[in-house]
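K.L.:
The structure that follows is given in the form of structure tokens.
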Amino acid sequence: MYYQLYEFNHAALQPARAYADAIRLFYSNPFNPAAATPWGRSVAAAAEMFERTTRRYGKPAFGITATTVNGKEVVVREEVVWTKPFCRLIRFARDLPAGRKPDQKLLMVAPMSGHYATLLRGTVEAMLPHADVYITDWTDARMVPLVEGRFDLDDYIDYVIEMFAALGPGANVMAVCQPSVPVLAAVALMEARGIPDLPATMTLMGGPVDTRRNPTGVNRLAEERGTDWFRENVIMEVPWPNPGFMRQVYPGFLQLSGFMSMNLDRHITAHKDFFMHLVKDDGDSAEKHRDFYDEYLAVMDLTAEFYLQTVETIFVRHALPKGEMTHRGERVDPSAIRSVALLTIEGENDDISGVGQTQAAHDLCTNIPDHMREHHLQPTVGHYGVFNGSRFRAEIVPRITGFIAAHGKSARAPGRAKPRKRSR
């Protein structure tokens with residue numbers, strides 16, 4: 001019912017949004033003398049603020065059309081190389097110079113936790129000069145008809161295993177935040193089953209491998225409330241006329257309210273500053289605000305079964321570090337991993353995945369040789385800074401590319417690896 005009311009409210013405001021947008025266009029038109037006055041810019045700014053705060057933000061585009069390889073700009077094209085009802089695998093194909101040796105494959109597993117995979121646009125851009133990049137493009141659950149069936153954490157792990165098969169043995173995988181657990185589980189299951197399509201390296205970044213370590217507010221909330229509370233309070237049915245009509249989901253608009261409440265003062269200040277930038281005709285600052293919030297406010301629904309199983313397995317039961325996690329009845333044993341090099345990365349000021357939660361993967365993967373593992377704690381950055389921003393590009397990317405170069409398929413024969421010093 002609440003989801004339907006949200007849809008009704010959004011539809012009811014459509015005429016007001018259209019009127020506000022017309023006012024914005026009128027008072028920002030250069031042929032209107034009022035557009036050059038503080039009063040005119042204030043009216044236009046107020047109209048834009050209303051329209052932006054009441055709209056539904058659609059899925060953004062990656063929009064990556066070029067990158068630099070060996071100092072030369074090359075064209076980048078998006079190619080869908082694998083698809084399932086709840087995910088597509090996108091390759092960012094580069095027109096490499098003739099005769100240049102292909103780079104190693106990098107599977108970037110994006111979070112399925114509310115935002116679209118485009119949240120990692122900066123991550124993709126930073127890795128494109130160094131690797132043949134693929135990314136998981138998860139589908140908004142409200143857009144998937146019921147006839148396509150369920151999608152839970154077990155299905156997520158199956159998807160990852162199938163992607164490894166599509167890429168072939170010796171690829172490299174990077175899991176950003178939430179996927180750290182299912183990616184680790186997928187690799188462990190593949191090693192235990194003797195599946196040959198294993199990645200050469202596995203990079204886990206800011207992930208909740210063991211949320212008992214330095215628990216954050218998000219971790220404590222999940223553990224204190226329990227799975228039943230979330231089932232009763234945040235799970236709703238997709239309303240008509242969406243393609244996923246009647247599918248049970250954790251709606252994106254509820255997730256967004258949670259994201260915003262964590263730093264509400266910061267968001268209020270950002271919107272106040274945006275208004276003043278518009279009034280002062282500071283176009284560059286206003287555009288930066290638009291770019292950030294066009295991405296941040298674009299959210300997707302998650303299937304109820306995936307969300308609840310994730311909460312129960314990772315945050316309530318701590319099943320993986322306790323050795324109790326299973327995949328379709330088969331125990332997930334990270335100690336089965338022997339031939340995949342492991343790099344973990346954390347942010348010193350991460351308020352989503354506390355320090356030590358990702359590093360815990362090293363304690364679970366006891367049979368990976370010491371010279372095939374590394375941990376890096378990035379000073380001064382928060383959760384977002386682990387995979388994006390200036391420090392990520394300047395300090396974290398070189399560690400990832402160096403690790404892949406040292407332990408990737410082309411850098412070593414099977415079962416052998418170049419020793420690499422651990423760091424913090």
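The values are calculated or read from the model by the stated rules, or taken from the named source; none is laboratory data. All values derive from a computational prediction rather than experimental measurement. All Cβ positions, even for glycine, are placed from backbone atoms using ideal geometry, and neighbour counts span all protein chains on display. Accessible surface is based on the protein model in full, side chains and every heavy atom, while ligands, DNA and RNA are left aside. Shrake-Rupley method; radii C 1.70, N 1.55, O 1.52, S 1.80 Å.
K.L.:
Explain nothing, just the number: dipole magnitude of the chain about its Cα centre with +1 on each Lys and Arg Cβ and -1 on each Asp and Glu Cβ, in debye rounded to the nearest 20. Working shown, then result.
P.N.:
On the way: 48 positive and 50 negative charges, 242 e Å.
Dipole size: approximately 1160 debye.
K.L.:
Just the number, please: Stokes-Einstein D of the stretch 38-162 in µm²/s, Kirkwood Rh from C-alpha pairs, 10 °C, 1.306 mPa s. Could the numbers behind the result be given before it?
P.N.:
Values: Rh = 17.2 Å.
Roughly 92 µm²/s, to the nearest whole number.
K.L.:
Could you pull out the trypsin sites (Lys or Arg not before Pro) across the stretch 92-165 that fall in loop regions by DSSP (anything but H, G, I, E, B) with no more than 12 other Cβ atoms inside 10 Å? Don't skip to the answer; put the middle values down first.
P.N.:
Details: sites: 94, 100, 105, 121, 142, 150; in loops: 100, 150.
The qualifying sites are 100.
K.L.:
The stretch 155-258: D in µm²/s via Stokes-Einstein (Kirkwood Rh, Cα pairs, 10 °C, 1.306 mPa s)? The partial results should precede the final answer.
P.N.:
Numbers: Rh = 16.3 Å.
For the chosen part, D equals 97 µm²/s.
K.L.:
Further, regarding this structure: How big is Rg to Rh over the stretch 6-53, alpha-carbon atoms, Rh as the Kirkwood inverse-mean-distance radius?
P.N.:
Working: Rg = 12.2 Å, Rh = 11.1 Å.
Using only Cα positions, Rg/Rh for the stretch 6-53 is 1.10.
K.L.:
Let me ask something else. For every other residue with a beta carbon closer than 15 angstrom to the beta carbon of residue 132, add +1 if it is Lys or Arg and -1 if Asp or Glu, then tell me the sum. Numbers along the way, then the final one.
P.N.:
Values: positive: 77, 91, 94, 100, 101, 105, 409; negative: 78, 79, 95, 103, 125.
With Lys, Arg at +1 and Asp, Glu at -1, the net is +2.
K.L.:
Let me ask another. Reachable lysines from residue 280, Cα under 18 Å, same-chain residues fewer than 8 places away excluded?
P.N.:
Filter leaves 272, 288.
K.L.:
Sticking with this structure for a sec: Under a 1.4 angstrom probe, counting protein chains only, how are 234, 80 ranked by accessible area, largest first?
P.N.:
Details: 234 15, 80 85 Å².
Largest accessible area first, the residues go 80, 234.
K.L.:
Then there's this: For a quick check: with amide H placed at 1.01 Å from N, whose amide H comes under 5 Å from residue 108's, ignoring anything fewer than 5 positions away on the same chain?
P.N.:
134, 135, 136, 174
K.L.:
Under a point-charge model restricted to the Cβ atoms of Lys and Arg (+1) and Asp and Glu (-1), what is the dipole moment magnitude of the stretch 15-102 relative to its Cα centre, in debye to the nearest 20? Mind showing how you got there, number by number?
P.N.:
On the way: 15 positive and 7 negative charges, 89 e Å.
Using Cβ point charges on Lys, Arg, Asp and Glu, the stretch 15-102 gives about 420 debye.
K.L.:
Could you give each residue of the stretch 83-93 its phi-based ³J(HN,Hα) in whole Hz, using Karplus coefficients 6.51, -1.76, 1.60 with θ = phi - 60°, and x for Gly or Pro?
P.N.:
8, 9, x, 9, 6, 10, 9, 9, 9, 9, 6
K.L.:
Would you please give the residues with an amide H less than 5 Å from that of residue 69, counting only those at least 5 places away or on a separate chain, with H modeled from the backbone geometry?
P.N.:
For residue 69, whose amide H was placed from the backbone, the distant partners under 5 Å are 74.
K.L.:
Compute the signed sum of charges (Lys and Arg +1, Asp and Glu -1) over the other residues within less than 9 Å, Cβ to Cβ, of residue 94.
P.N.:
On the way: positive: 77; negative: 95, 103, 132.
Charge balance in the 9 Å sphere: -2.
K.L.:
Right, another one. Mind giving me the FRET efficiency for residue 18 and residue 83? R0 is 35 Å, r the Cβ-Cβ distance, nearest 0.05 is fine. It would help to have the intermediate numbers written out before the result.
P.N.:
Numbers: r = 36 Å, r/R0 = 1.02.
Efficiency at R0 = 35 Å is approximately 0.50.
K.L.:
Next question. If we count every other residue with Cβ under 9 angstrom of residue 238's Cβ, Lys/Arg +1 and Asp/Glu -1, where does the sum land? Each step should come with its number before you reach the end.
P.N.:
Values: positive: 142, 247; negative: 237, 301.
Computed value for this residue: 0.
K.L.:
If contacts are Cα pairs under 8 angstrom and at least 6 residues apart, what is the relative contact order of the chain in percent? Kindly include the intermediate steps, with their values, before the conclusion.
P.N.:
Details: 772 pairs, mean separation 75.8, N = 424.
Answer for the chain is 18 percent.
K.L.:
For the stretch 241-281, list log₁₀ I(q)/I(0) at each q in 0.16, 0.25, 0.35 Å⁻¹, using the Debye formula over Cα point scatterers of equal strength and ignoring solvent, two decimals each.
P.N.:
-0.61, -0.83, -1.06
K.L.:
Which of 346, 125, 48 moves most in a GNM of the chain, Cα contacts under 10 Å?
P.N.:
Top of the fluctuation ranking is 48.
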